[in-house]
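The structure appears right after this line, and notes come after that.
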Amino acid sequence: MNTTTRMLLVACLSLPMLAACNQEADETAVVEQAPLTVPADNNDDAWGTYLTEVVRRNMDDVVSSPYLYYLPAEDAADFQGFYDRQLEKAQGDIARGVTEGNMLAYGSPASAKMADMIVSAFEGADPGSMKGVKVLFIGNAADSARVEAAVAPTGVNYKFVEAK
């Protein structure tokens with residue numbers, strides 16, 4: 001048997017194994033995309049895991065690590081201090097400018113307060129200054145319209161994921 005025939009034989013014999021590997025990868029992808037549910041517990045660890053997975057599933061064409069903003073539940077100790085620090089960080093990031101291909105992701109069990117923060121953070125942003133930037137808001141449907149209205153003038157690609 002010549003070398004070409006041997007190579008073809010090895011290639012043909014390995015096809016079923018490759019097909020099986022591909023099928024396992026497809027099944028894994030389906031499992032990874034199982035529906036997510038909001039944590040029943042408002043603790044930071046549970047929400048952190050939930051938000052991380054939602055962001056990961058919505059990266060699409062984002063090329064670098066996202067800017068992540070999180071607020072704890074409103075009954076958390078020092079909620080107002082946490083809110084103020086996150087707002088200051090968000091305003092600073094937006095004022096410095098976010099380049100195309102990046103994502104700003106916002107999520108919290110306190111959806112209305114997170115929406116307030118986003119609206120405040122984008123107040124000073126220049127129109128058209130954030131084209132090609134993705135803004136992901138994970139919260140309640142009732143808060144989405146006002147967030148979208150606040151971020152739209154900057155030219156971002158807005159995406160809402162209902163926390164349910």
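No lab work stands behind these numbers, since they all come straight from the coordinates. Bear in mind that the values here come from a model prediction, so they are computed numbers and not experimental data. Note: ideal-geometry Cβ built from the backbone for every residue, glycine included; neighbour counts use all protein chains shown.
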Subject >> Cα-based reach from Lys89 at 22 Å (exclusive), listing lysines while leaving out same-chain residues under 8 positions away >> reply: Lys113, Lys131, Lys134, Lys159
Subject >> Span from the region 82-135 Cα centroid across to the region 38-68 one, whole angstrom >> reply: 16
Subject >> Förster radius 25 Å - calculated FRET efficiency between Leu36 and Asp75, Cβ distance, rounded to 0.05 >> reply: 0.60
Original post:
Efficiency by 1/(1 + (r/R0)^6): what FRET value for Val63 and Ala141, r their Cβ-Cβ distance, R0 = 45 Å, to the nearest 0.05?
Top reply: 0.95
Subject >> Inter-site label distance for Asp93 and Ala112 at 7 Å from Cα along Cβ, in nm >> reply: 2.5
Subject >> Taking the C-alpha atoms of region 44-162, convex hull volume expressed per residue in Å³ >> reply: 88
Subject >> Extension gain, Ala46 back to Val119 (0.36 nm per residue minus Cα-Cα distance, nm) >> reply: 23.7 nm
